[in-house]
Amino acid sequence: MTVADVDLTSKPAIMRINKARKRGIDSEHYIGATKTDSGKRTVSLDPRLVEVLINPAARKAIQLFDPTFPSTQAPGTIMTPPSASSLLSSP
């Protein structure tokens, strides 16, 4: 997903899903096309999520609970959420 795939000004706000995470020959990950045209879709965003995305105060409140938000990864980097087991094993 890129910034261009999100429209926070439409009512309701939407996100276009038009890419897929793929695994190459040597298990490297890359972004490519969806397997089928039916994989491309547009989804409505929950108003509470939109508030977090556009309101700096709401983002700050989330940072108090989740130090990984927003991501500090370089643009274009594939984000992989940690597994539940790694979260449970953290000190």
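Coordinate-derived values only; no laboratory data. Computed from a predicted model, the values in this text were never measured in an experiment.
Observations on the model:
- Cross-link partners for K35 among the aspartates and glutamates, with Cα-Cα distance under 20 Å and sequence neighbours closer than 8 places in the same chain left out: D5, D26.
- In order along the stretch 36-52, phi translates into HN-Hα couplings of 9, 4, 5, x, 7, 7, 10, 10, 7, 9, 4, x, 5, 5, 4, 4, 5 Hz, rounded to whole numbers, per the Karplus curve 6.51 cos²θ - 1.76 cosθ + 1.60 with θ = phi - 60° and x for Gly and Pro.
- Other-chain or far-sequence residues with amide H under 5 Å of L45's (modelled H): A13, I14, M15
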